[in-house]
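A short worksheet on the structure shown next.
The values are calculated or read from the model by the stated rules, or taken from the named source; none is laboratory data. Keep in mind the model is a prediction, meaning the values are calculated, not measured. Counting neighbours? That spans all protein chains shown, and the Cβs are built from the backbone with ideal geometry, glycine included.
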């Protein structure tokens, strides 16, 4: 009887020890932080930098002005295109009125088939000229808009490579003027062997540890192509995506862990 009691106590003690060790046995993979997105921004416009509206480290919102080129010639082109579009629209209105008069006379058998056809051709020509003028106006406005570089998403300015007075030639090759990073969603990236890759694939609720915080992973990317390391071991790229808490300061390249 005493032997049975001691055996039960040992079993209970072993169970408690194993339960206490389970969190420590969970996988913790060393990884490096990366931005959700990192873009080098430029413009296809050609001109001189008039104003740089941001500085490195500044947070910006989507649509916020980052940089502006001189726009005098581009505004003049828009004004000219607007005038051309108005004139083409007036000609189109007159061609419609002429066609309507011709059609009325034709229905009263006062106008010949040829004269009606001439009115129809005149209307089509006016419609074509108006469409061309509208296209020219849209292009002029687009060229003006190219002279204002705006943030494509909320993020942080990593680098400013332009300054007022700098000449920009974007017709043949778009220059990199600013670097913007999206830090609202981050990634921890690492390379792992096949066994760790399989363990990550079976992970129920992977998490990341960064700057003393543990955050749930919302996206897990597991590579399918290996790269050999210096020891000849096949390594697969993995990335754990997660939203950045508002109070979490981060720097790309800093160390973190993927817990699984």
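Could you please find all residues in segment 194-221 being under 11 Å from residue 29 (Cβ atoms), touching a helix residue (DSSP H, G or I) at 6+ places or on another chain (Cβ under 9 Å) and not in a loop (DSSP other than H, G, I, E, B)?
none
So which of 123, 111 ends up being modelled with pLDDT under 95, surrounded by 13 or more Cβ atoms within 10 Å (Cβ to Cβ) and farther than 30 Å from residue 144 by Cα?
That would be 111, the only listed residue that is modelled with pLDDT under 95, surrounded by 13 or more Cβ atoms within 10 Å (Cβ to Cβ) and farther than 30 Å from residue 144 by Cα.
Please specify each residue of segment 60-88 satisfying the condition of being outside the structural domain of residue 134 (by TED's automatic domain parsing) and over 23 Å from residue 46 (Cβ atoms).
Of everything in segment 60-88, those that are outside the structural domain of residue 134 (by TED's automatic domain parsing) and over 23 Å from residue 46 (Cβ atoms) turn out to be 60, 61, 62, 63, 64.
Would you check if residue 237 is buried (at least 16 other Cβ atoms within 10 Å of the Cβ) and in contact (Cβ under 8 Å) with a residue 60 or more places away in the chain?
Values: buried (at least 16 other Cβ atoms within 10 Å of the Cβ): yes; in contact (Cβ under 8 Å) with a residue 60 or more places away in the chain: no.
No.
Answer yes or no: is there a residue in segment 164-173 that is surrounded by 15 or more Cβ atoms within 10 Å (Cβ to Cβ) and within 20 Å of the chain's Cα centre (by Cα).
There is no residue in segment 164-173 that is surrounded by 15 or more Cβ atoms within 10 Å (Cβ to Cβ) and within 20 Å of the chain's Cα centre (by Cα).
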